[in-house]
1. Restricted to Cα positions, what overall size does the range B:2-148 have along the principal axes? Three whole-Å values, descending.
2. What list of ³J(HN,Hα) couplings, whole Hz, do you get for the range A:760-775 from phi and the Karplus terms 6.51, -1.76, 1.60, once you set θ to phi - 60° and write x for glycine and proline?
3. Shielding by partners for B:45-52, please: the mean number of other protein chain Cβ atoms within 10 Å of each residue's Cβ.
4. List the pairs from A:Lys135/A:Lys164; A:Lys112/B:Lys135; B:Lys173/B:Lys398 whose alpha-carbon separation is above 18 Å, in the order I gave them.
5. In square angstrom and rounded to 100, what buried accessible area do you get between chains B and A, total over both, with the probe at 1.4 Å?
6. Of the cross-linked pairs A:Lys61/B:Lys240; A:Lys855/B:Lys400; A:Lys401/A:Lys457; A:Lys352/A:Lys419; A:Lys320/A:Lys476, which ones have a Cα-Cα span greater than 32 Å in the structure shown?
7. Quantify how strongly other chains surround peptide A:170-180 by giving the mean number of their Cβ atoms within 10 Å of each of its Cβ atoms.
8. Give me the dipole magnitude in Debye, nearest 20, for the range B:2-148 about the Cα centre, with unit charges on the beta carbon: positive for Lys and Arg, negative for Asp and Glu.
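The values are calculated or read from the model by the stated rules, or taken from the named source; none is laboratory data. No experiment lies behind these values; they were computed from the predicted model shown. Please note: Cβ atoms are built from the backbone with ideal geometry, for glycine as well, and neighbour counts cover all protein chains shown. In case anyone asks, the SASA skips ligands and DNA or RNA and just uses the protein heavy atoms, side chains included. Shrake-Rupley method; radii C 1.70, N 1.55, O 1.52, S 1.80 Å.
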Amino acid sequence: LHVIMIARGKNASDLFPAVVKNVACKNIEVKKLVYVYLVRYAEEQQDLALLSISTFQRGLKDPNQLIRASALRVLSSIRVTIIVPIMMLAIKEAASDMSPYVRKTAAHAIPKLYSLDPEQKDQLIEVIEKLLADKTTLVAGSVVMAFEEVCPERIDLIHKNYRKLCNLLIDVEEWGQVVIINMLTRYARTQFLNPNINVSPLIERYDDDEEKKAEAAALAKRKPYVMDPDHRLLLRNTKPLLQSRNAAVVMAVAQLYFHLAPKAEVGVIAKALVRLMRSHSEVQYVVLQNVATMTIKRRGMFEPYLKSFYIRSTDPTQIKILKLEVLTNLANETNISTILREFQTYIKSMDKDFVAATIQAIGRCATNIGEVRDTCLNGLVQLLSNRDELVVAESVVVIKKLLQMQPEQHSDIIKHMAKLTDNIQVPMARASILWLIGEYCEHVPKIAPDVLRKMAKSFTNEEDIVKLQILNLAAKLYLTNSKQTKLLTQYVLNLAKYDQNYDIRDRARFIRQLIVPTDKSGALSKYAKKLFLALKPAPVLESPFKDRDHFQLGSLSHLLNAKAGGYQELPDWPESAPDPSVRNVEVKDSVRAGGTVTLRGRAPGGQACGHCSSSDTGSGSESGSEESGSGSESEESEEESESEEEEEDEEDERTKKKKKIEKSKPKKPESAERSDDTRQQLPVQQFSGRSRGSLTDRHCFSPHCKLHIYCSFFLIFFNLLVSSVNSVRMYELLHRITGEGLAVEYCFSRQPFSPDPHMVAVQIQFTNNTSSETKSLHIEDPKLQSGMRIKEFPEIELLPAGESVNVVMGIDFCDSTQAANFQLCTHTRKFFVSIQPPVGELMVPAFLTENEFKKEQGQLMGMNEISEKLNLGEKCQSDHAIVERVTAKANLSRVPCGSEKENRFAGKTVSSGSLVLVTVARKEGGGAQLTVNCEKMVIGTMLVKDILQALTQ
Amino acid sequence: MIHSLFLINNSGDIFLEKHWKSVISRSVCDYFFEAQEKAGEPDNVPPVIRTPHHYLINIYREKIFFVSVIQTEVPPLFVIEFLHRVAEMFQDYFGECSEVTIKDNLVIVYELLEEMLDNGFPLATESNILKEMIKPPTILRSMVNTITGSSNLGATLPTGQLSTIPWRRADVKYTNNEAYFDVVEEIDAILDKSGTTVFAEIQGVIDACVKLSGMPDLTLSFMNPRLLDDVSFHPCVRFKRWESERVLSFIPPDGNFRLMSYHVNAQNLVAIPVYVKQNISFFESGSSGRLDITVGPKQTMGKTVECVLVTIHMPKVVLSANLTATQGTYTYDPVTKILVWDIGKLNQQKLPNLKGSLSLQSGAPKPEENPSLNIDLKIQQLAISGLKVNRLDMYVEKYKPFKGVKYVTKAGKFQVRT
């Protein structure tokens, strides 16, 4: 197989034409292997690769979502510039595909296309924006990945999706979680205020007075800090992920907390990070790097886990050194003695690099913690008698640094070290000793010249750094004790003059000019003492991890301590928070529609009322009393719509009333239809749905009656109900302006369409806003997908200026949400319009008993069942609200149910009569499980999406 | 993200390469070899290596280096975790993850890698989904395949990828429905010379083998969940239920998986099941040394300690060992300088002892440090922390499954300093 050759890295491109022919092969395995091959070599053999593209294009149209997805995947992996437009088109199409899996693949394809042709950026951003709005967990991770690769700077695209991403996070697959969390960390840094602003200085160890003052001043200016609820949301929703089995996810959450959480809350991540240390050594390595950085700023957090960082002799050296780093950072007055005891065991290790690092660590502990400085120093001095030269050398270097801090008290140590010059051969250590003696020669006046004498003897055999220090020592001694050392110095300088190394020659020349007084020597020699014996500041021993936290923790750049390509800076907190309202998601569909329709509904409602009473002249007062009476009753029916008895009672009453009104209203059926755009359609739906058979002859009046009831009800309870109001939504078919004064709106009245039960009834309202009359309104030239049918409304001969009229037409959508396109004609003009039904309108309520429901559900398992977890929106926690929202979204009826936590709904698709079963099972804490069983998977999937949206808002 | 993957064996041969984006020359691995040479031991190769144009992130597993090539910023743990998943997937498919098995199953390996990453971003990493698409090889199947010419590739489409529980394949059917849980606890400890505990903690995992038909919904509860201090779960576990009720509620993946791993509350004192009396000394003169080790049971909760194994990394100067063991056998490898004493079952009455002399390289100074002892052991039917599973309930499905829980305690990183 060719694949084997690819795998071994051999060039199999000669075989390309032969292989490409196999693309159309039926056998899936061969096909897959050909794909692998194709993707590998397409770049080199562009022309031939193009031959295969039509196959994929065909695949993109396949009815099976998985085939569509894999076709897109392979197509987008072919790195041939010519097909960029084809890819762009395919991605755009897939981004609005019904299947979330195909949309996910589209998100994956975006970075591929971007790397192939960066020119497409703007178009791709549009696609990303669209996909970001997607509500499925499957897509979320992939699209954020695409966002990070293509346009990480467009933080504004996130605003609207921020809360959704936070809420979806826990259900996204692991890899997606990592990417989303990292992105949200950056986002939060730009949008929220620093939660630690009111806490005194962040930096525990390195704080100095000035900083404190500055902070205090800043503090005084600031208002008390209140955390943005969105900031809180992010912290709350990421916390459970600390328990993930995936180390990358845990690390991502840890860095998020480190960068974003208030100081008091950061502690939670320590435990999880310590847990990761049990993992593979590579994981340990990365985690320790990050812990090392964290311990510098937030030492307290890891202190309880001190012992977890103890070193085992079997740890790899790089791990040992990192653990040592962490231990050193954690050292403080209380635990230093335990740590030093640990260090003592480490010094005996066989691993010499590690021993050297331990000695350095002891040095750092000694500088940081004054109390133990002497203990450490003594310990280190003891090490000087160690048999291992490396250990001694390292000790010398560290002691030198320590002594620099307080040389006066330690002349005996210096003396001891002076003796070591006889034995130690490691150049760095020798150099250090010489430097020490030179620097503090006044403390050891007797020994210093002697050392110089010895060194002068061995000068030619020394290493360069040692030679330089000998020169230094000579110069310093010459300045302080010229009597004894004058000749020695001259000798050394002469030796150095002819050294092979030019640095040393230079230095010798320079020193000679400075210190040896000659006739010509200028003003400088006066200052020689100042030059050589100036007081030198003691070195600060600090962690190499200090200040690494300006890189986002957990990132590659942090690990390398250098910016990696494509790294996005972690921005500083803003001074003042940007407008938080940008994250407010526009209240979509149901709620927004509710809002607007409410306003609009009022007018027709009022009109209708007036209209009613005017036509109802005879019974005006009666209807008034009726209204107030039934107003409260209908409220009842809303809240307790489960209890059938009551409903039936109502039904009876209503029937009676209807009969009364019937007499006065037989002539105006169209105006009755209007009630649909008012409100509170729900009970009517159930009502008319159930008793369809017997009520068909008067169903058009029932809404009318309801109109009465609800007009008053609505006016009274308007304020209370605004939020929970459900409505039949009006859609615009033709805007007043494009229609040149003719405005057309439509809605799905949810009435059975009597001429043909397989059609969905669409109610259309024409309003003539012009000053002249419009004539002969009718439909022409419908363009329909195969199988779809239209039953046109009868032609409207005349629509006077300023009037409106309602008609009903039927459309058989064939159980698909594809639009019905047709032309709307007046006597002068034609308008192209289309009606696209929401999926919930493609069904009619079906009445089932609990047992029937269960039985039917049992038959619709597996592929026909789609289940989704969700968090109920704040306003739909109750049964009542759930019923209301579900029935508003879809034309379904309720099925009685024994369990309190479940709500069931049933319906049938209009065209084919397939059952649609919906179950909403509530769980504690606002969660719920939504299950849709439907033979038609597409309908099921879309319905799940719609209901999910309705319930989560 | 992940650009390419190279698999390199211990002797430095690149035996597999796979590119998810454009092809990167294998010469990039030279930087890796350089680092490897510098590090000496494979354990010390830095996981992240910087090269002028790329970054190499590598892991070392089963004597194979998995070297991935990265071009832009990516969380290093993301890559490392993924590489480990790849290795685990190979293990899952072929029984072991070694150069030989990978070479034998090259086509499957290639298909797996192709499905696991798309454009360098992980796509399907759940073994249940992958197995649906690419059938693991079995002897029977490979025989049938050679005869009939059919393939390992499932003709079915990966419907699992569409489901909301991607870890479980659909339509599982078994005649015997069974669910087994292994509670495995490991003691990590450092004991000092005198036998006092410097540091000890218990880490545990629950590994499950669930073979149940349909879509069972399981609930596992503990007698004493308070013991568990820090936990991490398989994605199938419902975290909310754990937080509120301290029970594990989940729809399990099919087959073997790790349900949870946990850490036992550090406040509880850890019982150390064995004690070690040891005396290792090297003499200044005569280039020799003595070794005397006795192992005995300590807090074993009345159970027998089995599979006791003592491993000592000797200093470089130790040439050979001439020892006698009262129980078990010992081996000394003069190349790796590792002394292994396999004791087996620990006898209460007659404590096992290993005694004798060590010969050192003549002329070399005596070693500074005494080597520390690493102990391995196993205690069946005991979770040393005292954790107990209370019950396992199954919902949704009707049949009665066969259930079982097994407890094992092992030594994790158990080290005695000398």
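1. Over the range B:2-148, Cα extents along the principal axes are 50, 29, 24 Å.
2. The phi angles translate into 8, 7, 10, 9, 10, 10, 9, 10, 9, 9, 7, 9, 10, 7, 9, 10 Hz.
3. Values: counts 3, 5, 10, 8, 1, 5, 0, 0.
The mean count of partner-chain Cβ atoms within 10 Å per residue comes to 4.
4. Working: A:Lys135/A:Lys164 8 Å; A:Lys112/B:Lys135 29 Å; B:Lys173/B:Lys398 13 Å.
Over 18 Å apart, Cα to Cα: A:Lys112/B:Lys135.
5. On the way: alone 21920 and 45430 Å², together 59200 Å².
What B and A bury together is about 8100 Å².
6. Details: A:Lys61/B:Lys240 41 Å; A:Lys855/B:Lys400 22 Å; A:Lys401/A:Lys457 27 Å; A:Lys352/A:Lys419 24 Å; A:Lys320/A:Lys476 41 Å.
Cα-Cα > 32 Å for A:Lys61/B:Lys240; A:Lys320/A:Lys476; rest within.
7. Numbers: counts 3, 2, 0, 8, 8, 10, 2, 1, 6, 5, 0.
Average neighbour count from other chains, rounded to a whole number: 4.
8. Working: 12 positive and 21 negative charges, 38 e Å.
Dipole size: approximately 180 debye.
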